[in-house]
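Note sheet for the following structure.
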Amino acid sequence: MRRCRYRGQGKAHIQHVLTAIAVNIERLSGLPPTEEAPTPRRPIAFQDYLDQREIPRPKSWRTLGS
């Protein structure tokens, strides 16, 4: 079991976040570079339902502000 280097919840949280970032960078650096764009994901059942009935899909909440 790991121990946190710092005392206090705030400093411990920062250490955990920085450790997670470092682990993700290390993991991603080991992946081979992709030369082609990833294939788009299949629509979910609800999206298929909307498409079959020609109901316009609502915009994603992520793109509403732009």
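Residues in region 7-30 that are assigned to a loop (DSSP other than H, G, I, E, B) and open to solvent by less than 100 Å² (accessible area, probe 1.4 Å): GLY8, GLY30.
Scanning region 45-66 for residues that are open to solvent by less than 100 Å² (accessible area, probe 1.4 Å) and at pLDDT 80 or above yields a total of 6.
The values are calculated or read from the model by the stated rules, or taken from the named source; none is laboratory data. Everything numeric here is computed off the predicted structure, so don't read it as measured data. All accessible areas refer to the heavy atoms of the entire protein, side chains included, with ligands and DNA or RNA removed. Shrake-Rupley method; radii C 1.70, N 1.55, O 1.52, S 1.80 Å.
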